[in-house]
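Colleague: Please see the structure below; I have some questions.
Quick note: the coordinates plus some simple rules give every number you see, no bench work behind them. Here the structure is a predicted model, which means the values were calculated and not measured. Every residue, glycine as well, gets a Cβ built from its backbone with ideal geometry; the counts of neighbours run over all protein chains shown.
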Amino acid sequence: MTEIVLTLFSAALINNLVLHWPLGVDPLLAANGRRQVHALGLATACLMLIVGTLGYLVDHGVLVPANLTFLRLLVWLPLSVLLIGPLLRLLARWLPAWSFEGLWPLLLGNAGILGVTLLNGQEDRGLGHAVALSLGAGLGFWLVLGLFDDLRQRTFNHAIALPFRGLPIQLISAGLMAVAFLGLRGLVKT
């Protein structure tokens, strides 16, 4: 049980998919507006959890026993694409105040969703570990998305030199956030 909690905590904060590995940076830079940021964060966390868990089950229930592990990417990519539409409709019905419109391309282009599934396929530690890694990665993405949106709001109204306005200051900010998250590395020792 302790290992599952540490995996969840590590995936959310220490080995964050956006800051530690540059997976899912496109939606991070494209999302704007407080509601869209939280809608995208929730949708990504749910999609990572569902695709990571189903990908692990398909991999260890079908692909590994049939010795078809070379088809992992070919199976996981359509799985994630086919689940985006129903998930967004379900979330829109569940939370009608949040705007889930226009998130389909951002979820489709999020490499973090496929990255979680690939990490679950590489590390065979069991279903509990796969679920914890998927949930932790989704929550970590949501956390970074919220922090980055707040940082973007703060830098928007300040006097920033003309060459650094827009995307350059956002990338510098993302780099500084990655360095700040690296300070959490010493919390969990394996």
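Colleague: How long is the gain from residue 70 to residue 93 if the chain were fully straight, where each residue apart is worth 0.36 nm and the alpha carbon distance is subtracted?
Modeller: Length gained, residue 70 through residue 93: 4.5 nm.
Colleague: Based on the mean of other beta carbon atoms within 10 Å per residue, what is the order of 1-8, 61-68, 40-47, most packed first? Please list the in-between numbers first.
Modeller: On the way: 1-8: 14.2, 61-68: 11.6, 40-47: 23.5.
The densest-packed peptide leads the list: 40-47, 1-8, 61-68.
Colleague: Relative to the longest principal axis of the chain, what angle (0 to 90°, nearest 10) does the C-alpha long axis of helix 34-58 take?
Modeller: For helix 34-58, the angle is close to 20 degrees.
Colleague: How do 106-118, 70-82, 134-146, 152-164 rank on mean C-beta neighbours within 10 Å, highest first?
Modeller: Highest mean packing first, the order is 134-146, 106-118, 70-82, 152-164.
Colleague: Roughly what angle does helix 167-182 make with the longest principal axis of the chain, taking Cα atoms, 0 to 90 degrees, to the nearest 10?
Modeller: Orientation of helix 167-182: about 60 degrees from the principal axis.
Colleague: Please name which of 119, 40, 156 has its Cα lying farthest along the dipole of the chain towards the positive end, using unit charges on Cβ (Lys, Arg +1; Asp, Glu -1) and the Cα centre as origin.
Modeller: The residue sitting most towards the positive pole is 156.
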